[in-house]
Amino acid sequence: MLKTIPLLEYQVFTDDILRIDFTERQLITTINQYSYCIAESDYQFKKALQDSDILLPDGVGIVIAARLLKKQRIKKIAGADIHQYLLESLQEKSGSCMYLGASENTLSKIKKRIHIEYPNINVATFSPPYKPTFSKEDNDQMIAAVNAVKPDVLFVGMTAPKQEKWAANNKQFLETNTICAIGAVFDFYAGTVKRPSQFWIDLKLEWFIRLVKEPKRMWRRYLYYGPFFLYLLLKVFLKGKE
């Protein structure tokens, strides 16, 4: 079992990807300051994160929180990082993966790129309907599509909190070892949305570049939920001092 550290009300696994046993059946999700704030008012989302087998720290705010509250020094692991690591692992063993989520256009671009960069991987895709919630028929169709492939890794990209809740609710029915909810990584890898360069990532300013590039979509996440996360963090910190 991986070493865990208590972070606020969650258990965040160590940031050493090499220690993860990908032969075990598991659900991997990520947490950042935005998802933490959303989970405070969405019980199902909160439970999905807490019940994940592996919860990775995908955000500078989470890294700071771990250091401030628990004196733990951890590194950020973005969804794109675990995605790349898994693809490299699958390439080495000629494994298989499936992408569940996004549009047919995005999935087509992903498939094309993988065939070039990771030719040993057998890749499948499925684009679910765009709905706030899925019907039983939708779920049955999605589960059947995954189980027809039985991929070593299932990547789920339907945006948070929808993807985490769906993966948590259906994990037991899916014939795959690793389920990884990675959201925006689908668009990053397809090239439909460009991720900030490593220069900005190293400076811990990836969030700022995303805000500049997509202000209408990102302003609330960073300019509203950023300060709100600091407020929640301060409350927990002061409570611990009582």
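Would you point out which residue out of Ala184, Ala148 is among the small types (Gly, Ala, Ser), modelled with pLDDT of 95 or more, on the phi < 0 side of the Ramachandran plot and surrounded by fewer than 22 Cβ atoms within 10 Å (Cβ to Cβ)?
Going through Ala184, Ala148 in turn, the sole match is Ala148.
If I go through segment 122-142 residue by residue, how many of them are closer than 23 Å to Lys46 by Cα and touching an Asp or Glu at 6+ places or on another chain (Cβ under 9 Å)?
Qualifying residue count, segment 122-142: 1.
Among (1) assigned to a helix (DSSP H, G or I); (2) hydroxyl-bearing (Ser, Thr, Tyr); (3) touching a Phe, Trp or Tyr at 6+ places or on another chain (Cβ under 7 Å), which single condition is Tyr189 missing?
Every condition holds for Tyr189 apart from (3).
Mind checking which pairs have a first residue in segment 71-87 that is more than 15 Å from Asn32 (Cβ to Cβ) and a second that is modelled with pLDDT under 85 and buried (at least 20 other Cβ atoms within 10 Å of the Cβ), Cβ under 7 Å, 6 or more apart or different chains?
Note: pairs meeting the criteria are Gln72/Ala66.
Limited to segment 161-186, what total is found for residues that are touching a Lys or Arg at 6+ places or on another chain (Cβ under 9 Å), outside any loop (DSSP other than H, G, I, E, B) and closer than 24 Å to Gln33 by Cα?
So the answer is 4.
From the residues in segment 67-99 that are farther than 18 Å from Glu206 by Cα and touching a Pro at 6+ places or on another chain (Cβ under 7 Å), which one is surrounded by the fewest Cβ atoms within 10 Å (Cβ to Cβ)?
Lys70
Taking the residues in segment 194-208 that are at pLDDT below 80 and either crowded, with 17+ Cβ neighbours inside 10 Å or of a type in the set (Val, Ile, Thr) (or both) as candidates, determine which candidate is nearest to Ser35 (Cα to Cα).
Step by step, filter segment 194-208, then rank; the result is Trp207.
The values are calculated or read from the model by the stated rules, or taken from the named source; none is laboratory data. All values reported here derive from a predicted model rather than from experimental measurement. Because the Cβ atoms are built from the backbone with ideal geometry, glycine has one as well, and the counts that use them run over all protein chains shown.
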